[in-house]
Amino acid sequence: MLRFKNFNIITKLNLLLLLIFTIIVGISSFSLSTVLEKNVEQIFTQKASILIDTMSSVRRYTSEHVNPELSDRLETESYFISETVPAYSAKTVFKYLRSIEGYENFLYREATINPTNLRDKADGFEKKIIEKFREDPNLKEQKGYRSFVKGDVFYIARPLAVNSRRCLKCHGDPKDAPQNQINTYGRKHGFGWKLNEIVGAQIVSVPVARAFNIDRRTQFIAVIVISIFSILSILIIDLFLKQTIIKPLKQIAAWAKEVSTGNVTQDYKHKTNDEIGLLAAAINRLKVTLEMAINMLDSKSRSSE
């Protein structure tokens with residue numbers, strides 16, 4: 001504290017400005033990071049929502065148009081017609097989407113607790129999502145982040161429920177299922193579903209690494225720009241103070257030293273009418289008073305002789 005008192009005004013001011021600008025940079029960096037993260041998450045949400053809505057539309061088209069057209073063939077064909085299954089259509093369309101540049105790392109899952117095809121079986125993370133939908137029937141969507149070996153993803157999940165009795169033909173009692181389905185997938189999995197039961201979740205995952213890299217780069221550039229302007233501000237303030245305050249104060253101090261040695265012939269001249277000008281005027285009045293006092297002492301001294 002004592003050392004700080006010994007610093008000159010410029011040093012004290014620089015330390016104060018440095019502290020202020022450090023706080024400003026820290027707050028700005030944190031605020032910018034928060035805003036950018038929210039903006040990036042909003043972009044992820046929009047992309048994932050569009051994709052999951054598109055897959056839902058493909059499922060609906062398959063269920064309402066393709067399945068009725070091919071349902072009779074399910075009873076007569078020796079092989080199971082996968083194109084009648086809404087999930088198959090949605091996953092096939094998404095596979096074609098992934099072949100387009102820029103969508104290679106996007107993911108689409110129709111994770112199910114008890115699937116017909118075991119490749120659709122929900123993993124531990126997906127099971128928790130499905131259980132939340134089951135626990136709260138009013139919950140229509142879940143979203144968040146998940147880590148994979150290839151990187152983090154942002155996901156949106158929506159519940160998959162048995163909304164039509166036509167689904168129960170293939171997923172209710174194995175005795176009612178088409179024989180070609182039994183031949184293809186067996187009778188151990190994908191049965192016992194009930195009407196209006198939530199059996200799984202649609203999950204679209206969007207890769208986030210590239211967006212977050214851009215986010216961090218933007219944040220870094222912004223912090224650098226703020227820091228540069230802060231340093232320039234300190235230098236400009238320093239220059240201004242030196243010219244308008246420190247230099248005049250040093251001149252006043254030097255002039256006052258001359259006056260203290262008896263040199264009272266000249267007034268201190270200051271061209272501005274600011275606070276330094278007021279100080280200069282006050283010192284000039286003090287000099288006049290001092291000069292009068294000295295003259296009075298000289299007069300008394302001569303008269304006493």
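Which residues, taken from segment 59-76, are among the charged types (D, E, K, R) and touching a helix residue (DSSP H, G or I) at 6+ places or on another chain (Cβ under 6 Å)?
Result: ARG59, single match.
Looking for something in the same structural domain as VAL162 (by TED's automatic domain parsing), not in a helix (DSSP H, G or I) and not basic (Lys, Arg) - is there at least one such residue anywhere in segment 62-77?
Yes, segment 62-77 contains at least one residue that is in the same structural domain as VAL162 (by TED's automatic domain parsing), not in a helix (DSSP H, G or I) and not basic (Lys, Arg).
Which condition number does GLN46 fail, the rest of (1) surrounded by 14 or more Cβ atoms within 10 Å (Cβ to Cβ); (2) free of Cβ contacts under 8 Å to residues at least 40 places away in the same chain being met?
Here GLN46 clears every test but (1).
Select from segment 123-161 the residues that are farther than 11 Å from GLN202 by Cα and among the aliphatic types (A, V, I, L, M) and write down the one among them that is surrounded by the most Cβ atoms within 10 Å (Cβ to Cβ).
Per the criteria, the residue is VAL153.
The values are calculated or read from the model by the stated rules, or taken from the named source; none is laboratory data. Here the structure is a predicted model, which means the values were calculated and not measured. A quick note on method: Cβ atoms are made from the backbone with ideal geometry, for glycine too, and the neighbour counts reach across all protein chains shown.
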